[in-house]
Every structure is written in C-alpha cells, then in structure tokens.
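Peer 1: Got a structure for you, written out below as structure tokens; questions coming shortly.
The values are calculated or read from the model by the stated rules, or taken from the named source; none is laboratory data. This one's a predicted model, so the numbers in the text were calculated from it and none came from an experiment. A quick note on method: Cβ atoms are made from the backbone with ideal geometry, for glycine too, and the neighbour counts reach across all protein chains shown. The area values use the complete protein model at the heavy-atom level, side chains included, leaving out ligands, DNA and RNA. Shrake-Rupley method; radii C 1.70, N 1.55, O 1.52, S 1.80 Å.
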There are 4 protein chains.
Amino acid sequence: MKDIDEIIEALIAFRNERDWEQFHNAKDLALGISIEAGELLELYLWKNAEEAKIEKVKEELADVFAYAFLLADKYKLDVKEIVLEKISKNGEKYPVKKSKGTAKKYNEL
Amino acid sequence: MKDIDEIIEALIAFRNERDWEQFHNAKDLALGISIEAGELLELYLWKNAEEAKIEKVKEELADVFAYAFLLADKYKLDVKEIVLEKISKNGEKYPVKKSKGTAKKYNEL
Amino acid sequence: MKDIDEIIEALIAFRNERDWEQFHNAKDLALGISIEAGELLELYLWKNAEEAKIEKVKEELADVFAYAFLLADKYKLDVKEIVLEKISKNGEKYPVKKSKGTAKKYNEL
Amino acid sequence: MKDIDEIIEALIAFRNERDWEQFHNAKDLALGISIEAGELLELYLWKNAEEAKIEKVKEELADVFAYAFLLADKYKLDVKEIVLEKISKNGEKYPVKKSKGTAKKYNEL
C-alpha cells in the first residue's frame, strides 16, 4: 500500500473510533486546515525563518496535513494526481522564461 | 519510489527550473500555506459544505499540499512519520472513552 | 478624540511600554491578523454559527482588531476612510441590481 | 455620531441594499475575516515588510475591517470596549517587567 493511502487509513481509523465522521463535513475540514495553518504560522511570528522551533513545526504541519488528507478523502481525490495537475497548470501561468528568478505573481509578469 | 517522494520531486523540479529556491524560506512557505488555505476556505463562504465546486476545491487543496510538502522538504521531515506521530499524540489528548461522539476540544472534555 | 484614535493610542502605549515596536513590522502584523483570525475561526469549528461562545468571540475578535489597528497605524491609514473607499469600490463590483439576494462573487454575476 | 458607528452604519446600508443579511451569519463572517486576512498576507509573500504595495494593503486591510466590524455588530459588541478589555487582560499575561524587549509568548516568559 502506498504512503498516502496508509496515512489516510490511519486518520480515518482514528476518526471512526471516536465517531467523528458526523462532524467532518467538507466546509469544517477546510476551516480546520485554515486554523492549523494559522497555528503553524504563529511559530514564525516576530521571528526569522530560522528561529521557529522544529519540534513545534512538526506538530502543526502534521495537523495541516491531517485535515488536508481528510478533505482529499472526503472528495475521493488522488493527492498525487491533483498536485501534479496543478504543477502542470502552474507551468502555463509561470513559463520558465518569464518567471525565472523573480517572485512576481503571474498577473504581474 | 514512493508517491510522496514523487510529489516532492516534481515540486522541487518546478521550483528549481524557475530558480525560486531563494524565495522559499520556511517562514514564507508557512505564509503560502495560510494564504492557500484562505483561498480554499473562500470556496465555502456563504455556502453549505455541498455547494463548493469540486473543480476549484481540487486546485486550492493542491496548492495547500504543494506548500505543505515543500515546507516538509525544507526541514527534511518524513510526512508519513510526522502525521502518524501526531495521531498517536492526539490519541492521548482524545481518549476514545471521553471523546467518542463529541466535537469538544480536549481541554473541555 | 475619536474612538478609533483612542483605541490606537491605547494599543501604542501598551506596545511602547514593552518596547515591542522593534518587532512590529508590517509583515509580522499581517501574520498577526491571520493568526488571530484563525483563532477566532476555531470558535466555530464543527459548530453552527449560534454555538460559538460569545465570551471567547469577544477576545479573539479584539485580537484581530488590535493587529488590524496597529497595521493601519503603521501606514498612517485612516480606518474610516479606507473602509468607506472600499465600500464605494465594492458598489461598482456589486451593483444592487445584479447582486441583490445572491451570494455570488462579482466574477460570477 | 462616532466614527466606528458611522463605519458600521455604512457597512449595514451596503449589505441591506443587497439583501445580504441572510448570508451574514457569525460563522461565515468569521470565515470572511480569515479569507481577507489571507489576501492581506499575500501582499507580503516572498517579500520584506517594506515591499508590499500600500494601495493594495489599503484595500485588503479595509476588507478585514469590514468583516470584523460586521461580526462585532452581529453580537452588538462595542469595539472600543472589547479592545480595551483585551489590552487590560494582556497586561496581566505580559507584565512590563518580564516582557519588555522580548517577543516571547506569555507561556515562555
């Protein structure tokens, strides 16, 4: 079994043991991702990138992934497929020639 | 090669072709996750969970995953490992007996 | 003195007593707003709008306002002016005739 | 009339003309704040604090304020009162003596 399937299976098992599927609608899962992304961000507040504590980054990033995988599962999306598709789309918005070495947004290139 | 490694490899290749590693410090990657989480959330604004358009969910969720994988790579974290560790930690905060069927936060159980 | 000026004055006094201006650059203040917005959002997670506890909403919303006022002050923006200007801009994007009674985004009207 | 009351009155008038009160429950207003906070944050992505464009900061910060004022109005909260109360609470968490000149969180002081 693949890594991602194993992760999702573990998340689902944890959820089902607690009978939490009833709360896990797509909208609240999206809230969960935003909330955890905020907690991750807090580790960098008033700091340089290097000053965040990796032990805490691990935990908050894991929480972001947990809700992201659960939301992917809710829609039965294949995570590898959607990320590779998005990379391909971004390749059109950010052609190497125009975007190399600049952090500008595609609508400013 | 495992699926997560393949995703990260594709993201890194995309980034390196554009010489973007210079911008990708951990703090800005954390900003990226929050920003994309906000765009995902917008798909549910003023709506029921079922009303979000799956085609757009796919794209915004892919963006969240992209920055989350890049941040994991920045710290050389193993995504499966950190998520499984977090599940195990959450098991202590949310014992089945106390948390079954309730959405209460651990400090309110 | 106006309400908003009094609020900002109190926030600045609190900050200066602690010698925190050195940390309060515009970017980190924007992070602060996002982080506090996430904490506010958490009060609604897995819940209906009515179930959030108002005592906590008060505190998290106050935190959002605090960083928002500090960021406005950083750029010497007049809060009333920028909000009224934005309302006027939104009036063009959302003409009453097209937007009445619908939650659609302007690019879908 | 006070400036905050004038802002809220203008926001309510804009909303009511479009018959949008039906969508503005507290939960979705909290989503709105998070989403707009993310758009504000995007203006600083991959940049130093000084590089964000003030014209855009104005607009995104105005959007954050707009939803924050609408949420305050939803609960009939007095914005000045809740911010001053929070400053007073924070004064206990961050006594000047311990917190002067350090960006540490209260639980690390």
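Peer 1: Output the residue which, of all residues in region C:2-11 that are surrounded by 16 or more Cβ atoms within 10 Å (Cβ to Cβ) and over 15 Å from the mean Cα position of the chain (by Cα), is modelled with the lowest pLDDT. It would help to see each step written out before you state the result.
Peer 2: Keep residues of region C:2-11 that are surrounded by 16 or more Cβ atoms within 10 Å (Cβ to Cβ), which gives C:3-4, C:7-8, C:10-11.
Now restrict to residues that are over 15 Å from the mean Cα position of the chain (by Cα): C:3, C:10.
Values: C:Asp3: 94, C:Ala10: 98.
The selected residue is C:Asp3.
Peer 1: Could you please find all residues in region A:86-108 being facing chain B (nearest Cβ under 7 Å) and touching a Lys or Arg at 6+ places or on another chain (Cβ under 9 Å)?
Peer 2: Within region A:86-108, A:Lys86, A:Tyr94, A:Val96, A:Ser99, A:Lys100, A:Gly101, A:Ala103 meet the criteria.
Peer 1: Can you say whether A:Lys47 is among the charged types (D, E, K, R) and away from chain C (no Cβ under 14 Å), as far as the supplied structure shows?
Peer 2: no
Peer 1: A:Glu108 passes all but one of (1) at pLDDT 95 or above; (2) more than 20 Å from the chain's Cα centre (by Cα); which number fails?
Peer 2: Going through the list (1) at pLDDT 95 or above; (2) more than 20 Å from the chain's Cα centre (by Cα), A:Glu108 breaks only (1).
Peer 1: Being hydroxyl-bearing (Ser, Thr, Tyr) and buried (at least 22 other Cβ atoms within 10 Å of the Cβ) narrows it down to one residue among D:Tyr67, D:Tyr75; which is it?
Peer 2: Sole residue among the options that is hydroxyl-bearing (Ser, Thr, Tyr) and buried (at least 22 other Cβ atoms within 10 Å of the Cβ): D:Tyr67.
Peer 1: Answer with yes or no whether C:Ser34 is buried (at least 18 other Cβ atoms within 10 Å of the Cβ) and more than 24 Å from B:Ser34 (Cα to Cα).
Peer 2: Taking the combined requirement at face value, the residue does not satisfy it.
Peer 1: Output the number of residues of region B:36-58 satisfying the condition of being among the β-branched types (Val, Ile, Thr) and under 14 Å from A:Asp28 (Cα atoms).
Peer 2: 1
Peer 1: Just give me the residues in region C:14-24 being open to solvent by 50 Å² or more (accessible area, probe 1.4 Å), touching a helix residue (DSSP H, G or I) at 6+ places or on another chain (Cβ under 9 Å) and within 15 Å of C:Leu71 (Cα to Cα), in sequence order.
Peer 2: Selection gives C:Glu21 alone.
To keep it simple, each residue is scored yes or no on (1) out of contact with any Phe, Trp or Tyr (no Cβ under 9 Å at 6 or more places or on another chain); (2) over 29 Å from B:Glu21 (Cβ atoms).
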residue: B:Leu40; (1), (2): yes, no
residue: B:Tyr75; (1), (2): yes, no
residue: B:Glu85; (1), (2): yes, no
residue: B:Val96; (1), (2): yes, yes
residue: B:Ser99; (1), (2): no, yes
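Peer 1: Still on this structure, I have one more. In region D:80-109, how many are over 30 Å from D:Lys2 (Cβ atoms) and open to solvent by 40 Å² or more (accessible area, probe 1.4 Å)?
Peer 2: Matching residues across region D:80-109 total 11.
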